[in-house]
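The values are calculated or read from the model by the stated rules, or taken from the named source; none is laboratory data. Being a predicted model, the structure only gives us computed values, none of them experimental. Please note: Cβ atoms are built from the backbone with ideal geometry, for glycine as well, and neighbour counts cover all protein chains shown.
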Amino acid sequence: NAGVMQNPRHLVRRRGQEARLRCSPMKGHSHVYWYRQLPEEGLKFMVYLQKENIIDESGMPKERFSAEFPKEGPSILRIQQVVRGDSAAYFCASSPLESNQPQHFGDGTRLSIL
Amino acid sequence: AQSVTQLDSQVPVFEEAPVELRCNYSSSVSVYLFWYVQYPNQGLQLLLKYLSGSTLVKGINGFEAEFNKSQTSFHLRKPSVHISDTAEYFCAVRINTGGFKTIFGAGTRLFVKA
């Protein structure tokens, strides 16, 4: 039973390029969450999605960041026109329909901006 | 709104000594509580969870936590730590009225010395 799969594990981009981070939830999980972790800091909530719906995007920066979870395929976190400050580890988590079940995390994508 | 406070950013301890990592939360409604562990360059792994019932919860790797409603605390304990327990530990809270958003504390870095 595969866990949450994130790819790529490492992504290097130059300033101004686009970064696309992918997340496949655990089988049977219908909820996906994205978090950002800066060095020596905790997890910051970004967005929570169900299939084809954004439920809570209160942690997403207003510009350049977007997320989707299409009917088919993985969830995508997209960062347009990346800047140095976007360098971080981005974690995806998923959970099943029942709200009392914990989130399961992927190993993250480490984004480095040159 | 819910919040989570991990009172210690770093906890150094000698191998085979007991350890307690402190977590306090604030919420106007009942919550579910979780502890996660993060090893370097990995995602978060669930250590244990409190949903209801017994206030003493046992998790993996010999860890346990006690839910104290009056003090709004959920401290994590282990009677004898190993070098391999060196990691970052995160306390998290989610409201149990059907919501899915989980709030994470800033983390406590446990450093076990030989």
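From the list A:5, A:60, A:26, A:46, pick out the single residue that is aliphatic (A, V, I, L, M), over 20 Å from residue B:100 (Cα atoms) and out of contact with any Asp or Glu (no Cβ under 6 Å at 6 or more places or on another chain).
Residue meeting the stated conditions: A:5.
Output the residue which, of all residues in region B:1-24 that are outside any loop (DSSP other than H, G, I, E, B), within 11 Å of the chain's Cα centre (by Cα) and of a type outside the set (S, T, N, Q), is surrounded by the fewest Cβ atoms within 10 Å (Cβ to Cβ).
B:20
Can you name the number of the only condition in (1) assigned to a strand (DSSP E or B); (2) within 14 Å of chain A (Cβ to nearest Cβ); (3) touching a His at 6+ places or on another chain (Cβ under 8 Å) that residue B:112 fails?
For residue B:112, the exception is condition (2).
Looking at B:80, B:52, which is the one that is within 14 Å of chain A (Cβ to nearest Cβ) and over 13 Å from the mean Cα position of the chain (by Cα)?
Answer to the selection: B:52.
Test residue A:76 against the criterion of being over 23 Å from residue A:107 (Cβ atoms) and at pLDDT 90 or above, and give yes or no.
no
Search region A:75-99 for residues being within 10 Å of chain B (Cβ to nearest Cβ), in contact with a strand residue (DSSP E or B) (Cβ under 6 Å, 6 or more places away or on another chain) and not hydroxyl-bearing (Ser, Thr, Tyr), and hand back the single one that is farthest from residue B:31 (Cα to Cα).
For region A:75-99, the residue satisfying everything is A:89.
Taking the criterion of being in a loop (DSSP other than H, G, I, E, B) and either acidic (Asp, Glu) or in contact with a Phe, Trp or Tyr (Cβ under 6 Å, 6 or more places away or on another chain) (or both), would at least one residue in region B:81-97 satisfy it?
Among the residues of region B:81-97, at least one is in a loop (DSSP other than H, G, I, E, B) and either acidic (Asp, Glu) or in contact with a Phe, Trp or Tyr (Cβ under 6 Å, 6 or more places away or on another chain) (or both), which makes the answer yes.
Please go through (1) assigned to a strand (DSSP E or B); (2) within 11 Å of another protein chain (Cβ to nearest Cβ) for residue A:41 and return the number of the only condition it doesn't satisfy.
(1)
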